[in-house]
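Everything on this sheet refers to the single structure shown next.
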Amino acid sequence: MAAPQRGDLSAPERKILQVIAAGDVQEAAQLLASEEVRVNCLDEYGMTPLMHAAYKGKADMCRLLLQHGADVNCNQHEYGYTALMFASLSGKTDITSMMLDAGAETDLVNSVGRTAAQMAAFVGQHDCVTVINNFFSRARLEYYTRPQGLEREPKLPQRLAGPLHKIIMTTNLNPVK
């Protein structure tokens, strides 16, 4: 399957962008189920439906798009923005967290070399900066629950991974203000 091209949208794909703006999750679900909509289609600016939903602060829409396989790290936007950048610019900490949980890379940069956290800080979205700076993926922690190299025992017992991850994620280690 060929990579999506900017602005190469079918009528149903143009429709889903309108539906996202309106916030009609049920209609969006029907359009995605019809298989006439590529979940990672690109508008003329290189924005995916997920980027539109994140920018507009539509959490339910973001969740639906991620369930349908939306690429959280797509950066075909004309200025290299990602869904995480749009989520953090919108000031929505719930969507910012959702993007991170879905595997969003925090170190991707836009066309002027700025990360999502830097962009959010620039526009005063300090809560989103904190969410990004404090994020530690469960997958990174899981690494320590398996023996590495010549180790016979893992550094962290599997049963402690969940509680430790919860502590890590609830402690503000990177204050911004």
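Structure above, values below:
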| read-out | value |
| --- | --- |
| Lys, Arg +1 and Asp, Glu -1 on Cβ, resulting dipole of the stretch 40-115 about Cα centre, debye, nearest 20 | 200 debye |
| Sequence of Met61, Met169, Met47, Met85 once ranked by neighbouring C-beta atoms within 10 Å, starting from the fewest | Met169, Met47, Met61, Met85 |
| Relative contact order %, the stretch 50-162, counting alpha carbon pairs below 8 Å whose residues are six or more apart | 20 percent |
| Inter-label distance, nm, simple model (7 Å from Cα along the C-beta direction), Tyr144/Arg6 | 4.3 nm |
| Residues Val25, Val131, Val19, sorted so that the one with the fewest Cβ neighbours within 10 Å comes first | Val25, Val19, Val131 |
| Tail fraction, Cα-Cα pairs, the stretch 33-177, threshold 24 Å, whole percent | 38 percent |
| The stretch 85-147 and the stretch 21-45: distance between their alpha carbon centers, rounded to Å | 24 Å |
| Pairs of lysine residues in the chain - Cα separation under 25 Å, sequence separation of 8 or more or cross-chain | 10 |
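Read-outs throughout are calculated quantities, based only on the coordinates presented, and are distinct from any laboratory measurement. Nothing here was measured: the structure is a model prediction, and the numbers come from that model. Here the Cβ is made from the backbone with ideal geometry for all residues, glycine too, and neighbour counts use every protein chain on show.
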